[in-house]
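Below is one structure, written out as structure tokens, with a few remarks after it.
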Amino acid sequence: MRVFITGASGWIGSAVTDELLAHGHQVVGLARSDGSAAALTAKGAEVHRGSLDDPDGLAEAAKAADAVIHLAFIHDFTDYAAAGRTEHVAVQRMLDALEGSDRPFLLASGLASAVPGRPLTEEDPSPFHGADSMRGGSENLALSYAERGVRAVALRFAPTVHGVGDHGFTAQLTRIARQHGAAAYIGDGSSHWAAVHRTDAARLVRLALEQSPAGSRVHAAAESGIPSRDIAAAIGAQLGLPTVSVAAEEAGAHFGWIGHFFGMDIVASSERTRELLGWEPTGPTLLEDIAAGAYTLPE
Ligand SMILES: NC(=O)c1ccc[n+]([C@@H]2O[C@H](COP(=O)([O-])OP(=O)(O)OC[C@H]3O[C@@H](n4cnc5c(N)ncnc54)[C@H](OP(=O)(O)O)[C@@H]3O)[C@@H](O)[C@H]2O)c1
């Protein structure tokens with residue numbers, strides 16, 4: 001397939017680009033800078049210059065492709081609401097361009113809509129609807145096009161898609177531990193994060209592209225939930241720093257914007273995803289990655 005990927009230059013997107021190219025697909029990657037364009041060209045991908053603020057250009061690129069994988073997101077946690085609204089408009093325009101085509105549209109989202117007392121499953125809908133809700137309500141927006149001739153699929157990534165070179169949440173926790181001279185967890189550290197290695201996530205995206213039916217939600221969660229105190233302990237051990245508890249009311253001051261996410265209990269099953277796609281994660285676990293120095297190697 002000729003696949004238009006937004007966010008093709010990002011952490012997950014560059015691994016997805018490699019995975020698709022290695023399996024005989026063609027990739028057209030969205031790039032908003034010369035650097036991102038050059039990196040894509042060097043891999044053997046084509047480039048579509050543009051940005052999330054250019055919905056017309058995105059619609060045009062979507063129309064010209066056999067499939068779309070939407071991975072770009074403006075990770076500006078100081079104005080998350082604006083990022084969500086931009087996302088909503090961009091996604092809507094690409095979906096409108098694909099309406100009636102039966103082509104795949106895969107959209108990245110997260111596993112943040114926890115269900116108290118049990119793991120989130122693929123059958124649990126996202127509670128977010130509309131441009132002003134979290135992440136622009138884009139997951140529900142996309143899945144609503146399953147009835148309008150689009151093979152819409154929600155890719156729900158674990159909060160840490162980990163590995164060497166990750167600049168996301170686990171890298172941020174490691175930076176904060178260095179700054180404070182201690183690796184912290186919140187309260188008793190019993191909140192969890194699901195996790196997936198980047199290569200497993202990329203393989204899952206390809207399998208979903210090739211096989212997922214319209215309207216499905218797939219969970220990129222190799223590990224269903226790791227206690228936050230274990231994550232902090234692993235980071236502390238690797239840095240040679242003590243592991244400490246921070247009270248919930250101090251979490252914002254200690255962790256900044258990531259405190260909100262680190263305190264969330266995000267436990268998710270991927271049983272149905274594995275059954276549906278034959279996906280079996282093979283990469284290292286999060287704690288193995290941390291212990292192997294994935295977050296502490298010199299940059
Ligand atoms: N990584 C994780 O642990 C994780 C966990 C859960 C969910 N997710 C979700 O998965 C998706 C991919 O995440 P990621 O970790 O790969 O993100 P990332 O490394 O931060 O990459 C973001 C991508 O979006 C592009 N982008 C940002 N702003 C843009 C704009 N205004 N116009 C066009 N492109 C723009 C970036 O392009 P440039 O190269 O030009 O900057 C980059 O390609 C996102 O939706 C993310 O929220 C990720």
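The values are calculated or read from the model by the stated rules, or taken from the named source; none is laboratory data. From a predicted model like this one, the values you see are computed outputs, not experimental measurements. All Cβ positions, even for glycine, are placed from backbone atoms using ideal geometry, and neighbour counts span all protein chains on display. These area figures cover heavy atoms from the full protein model, side chains too; ligands, DNA and RNA do not enter into them. Shrake-Rupley method; radii C 1.70, N 1.55, O 1.52, S 1.80 Å.
Applying 1/(1 + (r/R0)^6) with r as the Cβ-Cβ distance of GLN211 and ALA81 and R0 = 41 angstrom yields a FRET efficiency of 0.75. If you wrap the range 71-218 in the convex hull of its Cα atoms and look at it from every side, the mean projected area works out to 10.0 nm².
Estimated at 0.36 nm per residue, the fully extended path between SER101 and GLU249 surpasses their Cα-Cα distance by 48.3 nm. Helix 228-239 axis versus longest C-alpha principal axis of the chain: approximately 70°, rounded to the nearest ten. Using Cβ point charges alone (K and R +1, D and E -1), the dipole size of the chain about the Cα centre works out to roughly 280 debye. Report, to the nearest 10°, how far helix 34-43 tilts away from the longest principal axis of the Cα atoms in the chain, using its own Cα long axis and a range of 0 to 90°. With rounding to tens, the tilt is 80 degrees.
Efficiency by 1/(1 + (r/R0)^6): what FRET value for VAL164 and ALA64, r their Cβ-Cβ distance, R0 = 41 Å, to the nearest 0.05? The value I calculate is 0.75.
Counting only protein heavy atoms, what percent of the accessible surface of the range 186-294 is carbon or sulfur at a 1.4 Å probe? After summing per-atom areas, the C and S share lands at 51 percent. The rule of thumb for compact globular proteins, 2.2 N^0.38 Å, goes into the C-alpha radius of gyration of the chain 0.98 times. If R0 is taken as 25 Å, the Cβ-Cβ distance between GLU280 and ARG118 corresponds to a FRET efficiency of 0.60. In the context of the full set of protein chains, the chain has a per residue accessible area of 41 Å² (1.4 Å probe). Backbone geometry of the range 98-108 corresponds, through the Karplus equation with coefficients 6.51, -1.76 and 1.60 at θ = phi - 60°, to 3J(HN,Hα) couplings of 9, 3, x, 8, 6, 7, x, 9, 9, 10, 6 Hz, x marking Gly and Pro.
Relative to the globular-protein estimate of 2.2 N^0.38 Å, the Cα radius of gyration of the range 109-151 stands at 1.24. Hey, what angle do you get for helix 11-22 against the long axis of the chain, alpha-carbon based, 0 to 90 degrees rounded to 10? That works out to roughly 50 degrees.
Entry note, the range 132-256: relative contact order of 34 percent, from Cα contacts under 8 Å with a spacing of 6+ residues.
Across the chain, Cα pairs under 8 Å and at least six residues apart give a relative contact order of 18 percent. Inter-label distance, ASP56 to ALA22: 4.0 nm, where each label sits 7 Å from its Cα along the C-beta direction. Taking every Cα-Cα distance in the range 161-267 and sorting them into 5 Å bins starting at zero, the pair-distance distribution P(r) comes out as 2, 12, 20, 22, 17, 10, 7, 5, 3, 1 percent. Just so you know, the averaged projected area of the alpha carbon convex hull for the range 84-166 sits at 6.5 nm².
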